[in-house]
1. Roughly how many Å is it from the Cα centre of the stretch 105-168 to that of the stretch 31-99, as a whole number?
2. How long, wide and thick is the chain, going by the Cα atoms along their three principal axes, in whole angstroms, largest first?
3. Once each part is reduced to its C-alpha centroid, what is the distance from the stretch 1-29 to the stretch 171-215 in angstrom?
4. Could you tell me how many degrees, from 0 to 90 and to the nearest 10, lie between the Cα long axis of helix 19-28 and the main elongation axis, the longest principal axis, of the Cα atoms of the chain?
5. By the scheme Lys and Arg +1, Asp and Glu -1, what is the net charge of all other residues having a beta-carbon under 15 Å from that of Glu170?
6. What is the helix-to-structure angle for 122-133, meaning the angle in degrees between its Cα long axis and the longest Cα principal axis of the chain, kept from 0 to 90 and rounded to the nearest 10?
7. Would you tally the net charge around Gly18, using a Cβ to Cβ cut-off of less than 10 Å, leaving Gly18 out, and scoring K and R as +1, D and E as -1?
8. With angles folded into 0 to 90 degrees, how steeply does helix 220-238 sit against the dominant principal axis of the chain? Use alpha carbons for both and round to 10.
Amino acid sequence: MSITAAEVNKLRQITGAGMMDCKKALVESNGDFEKAIDFLRKKGQKVAANRSDREAKEGFVFAKTNGNGSNGVVFVLSCETDFVAKNEEFQGFAKSVADFALENKIATEDELLASELNGTKISDKLVDMIGKIGEKIEISRYSFLADAKVIAYNHPGNRLATLLAFNKAEAGNGDVGKDVAMQVAAMNPVAIDKDFVSAEILERELEIARDQVRQEGKPEDMVEKIAQGKLNKFFKENTLLNQDFIKDSKKTVAQYLKENGDIKVSAFSRVALG
């Protein structure tokens, strides 16, 4: 049957697929739009299967909070190339997912993928995009935070973003919350404070410290004491509240927050490509 340019354009507007793909879908479906949409989705699924073993190391990292800053999300929409990561439609999709997640307070990545956006599961929308763009595309490193104040920071270029939750709304006053969000972006702490460092990290750092001490030729009865001292240095350099504040190295982040209303950080998430 003959397929008109208007029909092809209509299907393109509905699906966002390329002109030639839309024409082929309509031809294969004898002009039936529902079947043509299914055809395009199946094509997307086929591409997804073919790209499943590829590495999606590029992408668009995005953090955003809701209107009153009581909750926020940060995640990566991953792809294979920087060219796709800079595509306006690709970035627009990421932003629409963020808005949807905030509106519905989506707590986990699995919940997000199973949710419907405009009548279609987000997991299916990803498949559609794979078919359209021809690259592996996935949502990764998703985090949702909520508290009295949540601050989002997107580093220029959208390859790094941070999301922090604070116990007081005052964190949104001036630059306080943003300053600490930028601290997390720049200094990449492993935890809020030493009490939040996982047992696995603690044991690894202690074992490294013990090996270093032994290689320095220290007596065995001194190894543990010196290793503990090295662990304290690790806490100073790698836990947020104990780090030197990047805008004033004469004080720690904990001191900076205390000076600005004794604000507490309840959680943070730092997401970066690579």
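1. The distance from the Cα centre of the stretch 105-168 to that of the stretch 31-99 comes to 9 Å.
2. Cα extents, longest axis first: 86, 46, 28 Å.
3. Value for the Cα centre distance between the two parts: 53 Å.
4. The angle comes out near 50 degrees.
5. 0
6. 70 degrees
7. Details: positive: Arg12, Lys23, Lys24, Lys132; negative: Asp21.
So the surrounding residues net to +3.
8. 50 degrees
Every number in this text was worked out from the coordinates using simple rules, so none of it is lab data. No experiment lies behind these values; they were computed from the predicted model shown. Positions of Cβ are backbone-derived with ideal geometry, glycine not excepted, and every protein chain shown enters the neighbour counts.
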